[in-house]
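Nothing in this text is a laboratory measurement; each read-out follows from the coordinates by a stated rule. Just so it is clear, the model here is predicted, and its values are computed rather than measured. Cβ placement follows ideal geometry from the backbone for every residue including glycine, while neighbour counts extend to all protein chains displayed.
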């Protein structure tokens, strides 16, 4: 995307190197990235701590599952509301409100003495994250208004976001083994306090939209939040009940009905939560679908590989967590490569190439065996999949938010984040069910061979992850290429 001559002349004056404005912009970017890292980290950080939580709080299998699901449901279900709130009350207010809820809920979760207490704290964490995450992207977009500077800032934000999900397994394993599972939650408290103090100093107060919270479309917010929550609940339930059970299709059907009602509400209210004209923007719609596919493949892959490393290969929680470091670095590297190339290529080529790499990596991973090792069967394809994911994330986020009016920046970021989280929940439910059914079938045919059965289930699920990324790659062909991106900047 080329700068116009006037943009080239004015860009140096918008964020001069070494100036007070430049230092403030860097501080805001750091604050936004650390906050986003913390929110995304908590999607996965508890996974390796679940056995310790279950033993200490005397949880059953369902309770253990809800420690993860409560956060996911609260986060995915309220992201759109959080994005719109950032537009109406101002990014600074939304950021501080979300950070407060997230930090206090982390403290409460670390102090939990019962499973119900911990699950409730995780749900509040998710709600705080749903308000905080869109505000971080809104801060980036409204602070960096010059195209080249915004591209670099979004590349950094995307890399941190991608690395946060991957790093959760590492930090969760280390904290659980050496400090105890409560520190998986307590670690957010000092970070949250430091971010609060930094935001008061560096993040300028932003003007709220006219009418503030009174303009929020509450009927729309309730219907979309309830619809997404119930739909995701039904999808998650498929892991334990099977797709044909009323506990699955009942909530899933109810969620679809509620989402249909949301569309009806949005077409009739004067100030909708999601203006339907935004959904008619092809670039935003396609980018959201691509992100849905990326989330449906990558999030469950971390979960499945963590189980494979610990259950089949016998790794400890820390060892398994450290095995994710190369993949985390690959995601960050892919995001940085995309940042450097997007001006030359536009989003389409980068996303398609990233999904091609991701498809190859997941297809390769599907060949894991119970007698294989990490270095021989996991490392290279895992890095390949991570590199492809990083290569695709930044361009899709850029495409989704590029050209969106500043008053709707939070809405666009909320749609992107919602697509990724709903994709992750959908993918985890589908892939976990496939893995479970494949494992059960293999055990029926070969009783007692548990390691081979588990590996067969994980491999089959990873092959389906490759199908998800292949579909996302096909969808990426509808994203704008270089010439279209140049036109948007002129």
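For the chain, the Kirkwood hydrodynamic radius comes to 22.7 Å, computed from all pairs of different C-alpha atoms. Taking only the alpha carbons of segment 217-272, we obtain Rg and Dmax values of 12.8, 42 Å in that order.
Take each peptide in 257-265, 369-377, 288-296, 227-235, count the other Cβ atoms within 10 Å of every residue, and average; sorted highest first, the result is 288-296, 227-235, 257-265, 369-377. Once the Cα atoms of helix 147-178 and of the chain are each reduced to a long axis, what angle between those two axes, in degrees from 0 to 90 to the nearest 10, is obtained? So the inclination is approximately 30 degrees. Among 434, 40, the order by Cβ neighbours within 10 angstrom, fewest to most, reads 434, 40.
Remark: 449, 217, 60, 343 ranked as 60, 449, 343, 217, counting other beta-carbon atoms within 10 Å and listing the fewest first. Along its first, second and third principal axes, ordered by size, segment 21-205 spans 53, 31, 24 Å in Cα coordinates.
Using R0 = 41 Å, the C-beta based FRET efficiency linking residue 56 and residue 277 works out to 0.20. Between residue 30 and residue 446, residue separation times 0.36 nm minus the direct Cα-Cα distance comes to 144.4 nm.
The stretch between residue 380 and residue 196 holds 62.3 nm of extra length on full extension. This uses 0.36 nm per residue minus the Cα-Cα distance. Quick check: the angle from helix 246-266's long axis to the longest principal axis of the chain, C-alpha only, nearest 10 degrees? Value to nearest ten degrees: 10. If one puts a single equal scatterer on every Cα of segment 281-490 and applies the Debye formula without solvent, what log₁₀ I(q)/I(0) results at q = 0.17 Å⁻¹? Debye intensities relative to I(0), on a log10 scale: -1.06.
Its DSSP H runs of at least 4 residues, each contributing -39,500 (n - 2.57), put the calculated 222 nm mean residue ellipticity of the chain at -27000 deg cm²/dmol, to the nearest 500. Put simply, the Cα atoms of segment 308-399 extend 45, 24, 17 Å along their principal axes, the longest span coming first.
Our note on the geometry: Cα centres of segment 428-479 and segment 289-356, 17 Å apart. Cα centroid separation, segment 122-201 to segment 262-288: 28 Å. For the chain, the longest principal axis of the alpha carbon atoms and the long axis of helix 218-241 meet at an angle near 20°.
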